[in-house]
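This report refers to the structure that appears directly beneath it.
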């Protein structure tokens with residue numbers, strides 16, 4: 001089990017990528033991050049006290065489901081991530097598996113991860129990282145749109161992604177490159193949002209200790 005903060009793991013990952021990828025490929029990603037950081041959290045982000053929206057979702061095997069069904073009447077931690085293609089998403093979800101799942105189970109809570117990718121992407125990230133919690137696909141970002149956390153890679157970032165063999169739109173269920181900002185939402189047993197943590201800078205994530213502290217404070 002890793003106890004290293006996600007921020008420290010992300011810093012190591014970033015340094016490794018800087019050694020492996022050409023500078024001209026990485027530069028658009030850095031510019032994109034700077035834009036996202038400067039813009040900050042969108043004004044339309046949902047506030048605590050609002051019921052969590054729902055929609056027609058798909059599980060990792062393509063079966064129809066909903067967020068409410070996945071939570072099964074329990075309080076929960078819902079993590080919105082960009083996709084299986086995102087190395088920082090994989091890092092964060094592995095850490096949540098190590099440090100959150102058992103803690104939440106002991107509190108009688110569920111954990112769910114949601115992205116706009118096709119179910120095969122959900123299955124990939126679940127199997128690759130040996131995740132035991134629920135991973136869902138939200139075609140068209142139905143829930144993330146209502147939460148106000150959507151963004152899209154810049155043209156420069158898309159060009160660099162293509163140079164690396166990555167096509168976000170092809171992996172998303174709706175064929176667009178629209179993705180959620182990494183976001184953690186805590187809901188109570190009635191499905192009411194009690195805490196929201198949005199990260200415009202996709203390298204950073206909600207730390208497990210902060211999620212648990214927030215959970216214990218609001219529920």
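The values are calculated or read from the model by the stated rules, or taken from the named source; none is laboratory data. Since the structure is predicted, the reported quantities are computational estimates derived from the model, not experimental observations. All Cβ positions, glycine included, derive from the backbone under ideal geometry; neighbour counts span all protein chains shown.
Quick notes on this structure:
- Which listed residue is closer than 24 Å to residue 219 by Cβ, surrounded by fewer than 19 Cβ atoms within 10 Å (Cβ to Cβ) and modelled with pLDDT of 95 or more, from 159, 170, 105: 105
- Taking the stretch 4-37 as the range and being under 22 Å from residue 198 (Cα atoms) and either modelled with pLDDT under 95 or outside any helix (DSSP H, G or I) (or both) as the test, the residues that pass are 4, 5.
- When 186, 193, 143 are screened for being closer than 25 Å to residue 212 by Cα and in contact with a helix residue (DSSP H, G or I) (Cβ under 6 Å, 6 or more places away or on another chain), only 186 passes.
- Any hit, the stretch 119-131, residues being assigned to a strand (DSSP E or B) and either closer than 21 Å to residue 167 by Cβ or more than 10 Å from the chain's Cα centre (by Cα) (or both): no
- Residue 95 more than 14 Å from the chain's Cα centre (by Cα) and farther than 24 Å from residue 48 by Cα: no
- Residue 205 at pLDDT 95 or above and assigned to a loop (DSSP other than H, G, I, E, B): yes
- Test for residue 94: is it over 27 Å from residue 29 (Cα atoms) and surrounded by fewer than 20 Cβ atoms within 10 Å (Cβ to Cβ): no
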